[in-house]
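Everything on this sheet refers to the single structure shown next.
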Amino acid sequence: MNNTSPFSFLESIATRFQPPAWVVDEGQQRLVLFLNHVLLQEKQAQDRLLRQKGRVVHLRWGLFAIDLIVTPAGLADRAPAFSKPDLVLSVAAESPLVVVQSALAGKAPPVKIEGDVQLAAEIGWLAENLRWDFEEDLSRILGDVPAHALADAARRGMAGLKQFLNAAPGSPFKTADDTAVKAAA
């Protein structure tokens, strides 16, 4: 029986594809802007990061890597080149499918942590408690009612996608929770 994922060709493309430097630079800048947008929505998150100002965090996942520095405002910016990181966070799962599986299960992917314990604790708190309120942002553009309708449709779509992926025989997206629910039914 063939146990290879039907998405294995995507994994091979993702590991071999190296985007141009300008795409990486723009992508990283957009990531920093998005992260700061989310941080600005939560004063407590900014206050927690403010205690770590000037500290550098190196994030790595496969070919993707970025160095972020905590600003005096409790936000993030790209660290200067050749900055010595105080904390290194590496996503242990090389496969994008494992990361997607974790996200659909509502869990963080496995991460290898090296460096400052207090900074790691603050980043961990952010990962657990900071959420983007996309419905609120959408309501500023479209209004409350259309934003709520679109956000609700997106939530139902994600739930349907998760259910579809879990129902596939031999699905790599099955979790222990899904097996326990089906056994209890």
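The values are calculated or read from the model by the stated rules, or taken from the named source; none is laboratory data. No experiment lies behind these values; they were computed from the predicted model shown. Positions of Cβ are backbone-derived with ideal geometry, glycine not excepted, and every protein chain shown enters the neighbour counts. The protein model used for the area step is the full one, side chains on, heavy atoms only, and it has no ligands, DNA or RNA in it. Shrake-Rupley method; radii C 1.70, N 1.55, O 1.52, S 1.80 Å.
Taking the range 113-147 as the region of interest, how many residues are of a type outside the set (A, V, I, L, M) and in a loop (DSSP other than H, G, I, E, B)? Break it down into steps so the answer makes sense when it comes.
Within the range 113-147, the subset of a type outside the set (A, V, I, L, M) is 114-116, 118, 122, 124-125, 128-129, 131-137, 139-140, 143-144, 146.
Pick out the ones that are also in a loop (DSSP other than H, G, I, E, B) and you get 116, 131-133, 143.
Residues in the range 113-147 being of a type outside the set (A, V, I, L, M) and in a loop (DSSP other than H, G, I, E, B): 5 in total.
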Next item on the list: Tell me, yes or no, whether the range 76-95 has at least one residue that is over 30 Å from K53 (Cβ atoms), touching a residue at least 24 places away in the same chain (Cβ under 8 Å) and open to solvent by 40 Å² or more (accessible area, probe 1.4 Å).
Entry: yes
Margin query: Of the conditions (1) modelled with pLDDT of 90 or more; (2) assigned to a helix (DSSP H, G or I); (3) open to solvent by less than 50 Å² (accessible area, probe 1.4 Å), S12 satisfies every one except a single condition; which number is it?
Written below: (1)
Item checked: Pairs with Cβ under 7 Å, 6+ apart, first in the range 18-43 and among the acidic types (D, E), second part of a helix (DSSP H, G or I) -> none
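Restricting to the range 69-112, and then to whatever is in a loop (DSSP other than H, G, I, E, B) and of a type in the set (K, R), can you tell me which residue is modelled with the highest pLDDT? Step through it out loud before you land on a result.
First pass over the range 69-112, keeping only residues in a loop (DSSP other than H, G, I, E, B): 71-75, 79-86, 92-95, 105-110.
Those still in the list that are of a type in the set (K, R) too: 84, 107.
On the way: K84: 93, K107: 73.
Top of the filtered list is K84.
I'm trying to understand the selection: among the residues of the range 40-52, which are in contact with a Gly (Cβ under 7 Å, 6 or more places away or on another chain) and more than 21 Å from S90 (Cα to Cα)?
Let us first name the residues in the range 40-52 that are in contact with a Gly (Cβ under 7 Å, 6 or more places away or on another chain), namely 46-47, 49-50.
Passing the criteria: Q46, D47, L50.
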Item checked: Residues of the range 45-75 classified as surrounded by 15 or more Cβ atoms within 10 Å (Cβ to Cβ), under 19 Å from I113 (Cα atoms) and free of Cβ contacts under 8 Å to residues at least 24 places away in the same chain, total -> 3
Next item on the list: Select from the range 129-167 the residues that are within 22 Å of S90 (Cα to Cα) and open to solvent by 70 Å² or more (accessible area, probe 1.4 Å) and write down the one among them that is farthest from the chain's Cα centre (by Cα).
Entry: N129
Checklist line | Filter result for the condition that a residue is of a type outside the set (S, T, N, Q) and more than 15 Å from the chain's Cα centre (by Cα), over L97, L126, L89, L49 | finding: L49
